[in-house]
1. Can you tell me how many residues in the range 31-48 are open to solvent by 50 Å² or more (accessible area, probe 1.4 Å) and outside any loop (DSSP other than H, G, I, E, B)?
2. Under 8 Å by Cβ, and 6 or more places apart or on different chains, what pairs join a residue from the range 6-35 that is more than 30 Å from PHE162 (Cβ to Cβ) with one that is hydroxyl-bearing (Ser, Thr, Tyr) and part of a loop (DSSP other than H, G, I, E, B)?
3. Out of everything in the range 1-30 that is not polar (S, T, N, Q) and not in a helix (DSSP H, G or I), what residue ends up being surrounded by the fewest Cβ atoms within 10 Å (Cβ to Cβ)?
4. Quick check: is even one residue across the range 63-70 part of a helix (DSSP H, G or I), open to solvent by 10 Å² or more (accessible area, probe 1.4 Å) and either within 20 Å of ALA158 (Cα to Cα) or among the polar types (S, T, N, Q) (or both)?
5. Can you report the number of residues in the range 1-23 which are of a type in the set (Val, Ile, Thr) and at pLDDT below 90?
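The values are calculated or read from the model by the stated rules, or taken from the named source; none is laboratory data. Note that the structure is a prediction, hence the values are computed from the model and not measured. All Cβ positions, glycine included, derive from the backbone under ideal geometry; neighbour counts span all protein chains shown. For accessibility, only protein heavy atoms count, side chains too; no ligands or nucleic acids. Shrake-Rupley method; radii C 1.70, N 1.55, O 1.52, S 1.80 Å.
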Amino acid sequence: MTTRSEREKAQKLNEQHQVILSQLLREEANKHCADCEAKGPRWASWNLGVFMLYRCAGIHRNLGVHISRVKSVNLDQWTPEQIQYTHSMVDMSNRRAKLLYEAHLPETFKRSQTDQYPSCPLVRVVIILLSLKSISRLDSSWKQQIAEAALEEQPPQAVEVFIRDKYERKKYYDKEALAAATVSVTRSSFYMFVLASQSM
């Protein structure tokens, strides 16, 4: 059983981690999913150091924890190790991960997105229903919930193949490409400074 002071300390540490993750999500490259490039990622693979959308996070979970370890940016508790892992959220980010995992991605490669017009018949029916005038007066958030639920029915085959090629098979991987993009001051030391200054 944890004491009150231990709980308060853990809460404060989690708040510090949330500050770091929020700052990272404000970086331009992290405003889009590392895999499908759609806006607004709220999930992350902490051992790969990338931010992603919910649907891509589900594919990452299917890769297994030996490849990708997924957490919610907002809903889960983060440990210092997860923030400062070898390919951590702080050191990697979507921009640097792209240099590493997409170094040999063909220039003509057309990235499949999770929010493209779906091919699943059920999803098409729901989209048509949502566009009808008879339900156009419905609350837009309700429409969004229906659309998201319908998209869950669509198997993200093209996105899954790409994610598996990228992280599991390392089809486009080049570890030398990342070394060429070194930064003079490491981001991890900056964020460790942020943590230290907030704990004072």
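1. Number satisfying all stated conditions: 3.
2. Going by the 8 Å Cβ cut-off, the qualifying pairs are ALA10/THR2.
3. Let us first name the residues in the range 1-30 that are not polar (S, T, N, Q), namely 1, 4, 6-10, 12-13, 15, 17, 19-21, 24-29.
Now drop any that are not not in a helix (DSSP H, G or I), which leaves 1, 26-27.
Details: MET1: 3, ARG26: 9, GLU27: 13.
Taking the candidates together, the pick is MET1.
4. Checking the range 63-70: not a single residue is part of a helix (DSSP H, G or I), open to solvent by 10 Å² or more (accessible area, probe 1.4 Å) and either within 20 Å of ALA158 (Cα to Cα) or among the polar types (S, T, N, Q) (or both).
5. 1
Residues are listed down the side, and each one gets a yes or a no for (1) modelled with pLDDT of 55 or more; (2) surrounded by fewer than 18 Cβ atoms within 10 Å (Cβ to Cβ); (3) more than 16 Å from the chain's Cα centre (by Cα); (4) part of a loop (DSSP other than H, G, I, E, B):
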{"site": "HIS60", "(1), (2), (3), (4)": "yes, no, no, no"}
{"site": "ASP76", "(1), (2), (3), (4)": "yes, yes, no, yes"}
{"site": "THR86", "(1), (2), (3), (4)": "no, yes, yes, yes"}
{"site": "ASN94", "(1), (2), (3), (4)": "yes, no, no, no"}
{"site": "ALA97", "(1), (2), (3), (4)": "yes, no, no, no"}
{"site": "LEU105", "(1), (2), (3), (4)": "yes, yes, yes, yes"}
{"site": "LYS110", "(1), (2), (3), (4)": "yes, yes, yes, yes"}
{"site": "LEU122", "(1), (2), (3), (4)": "yes, yes, yes, no"}
{"site": "VAL126", "(1), (2), (3), (4)": "yes, no, yes, no"}
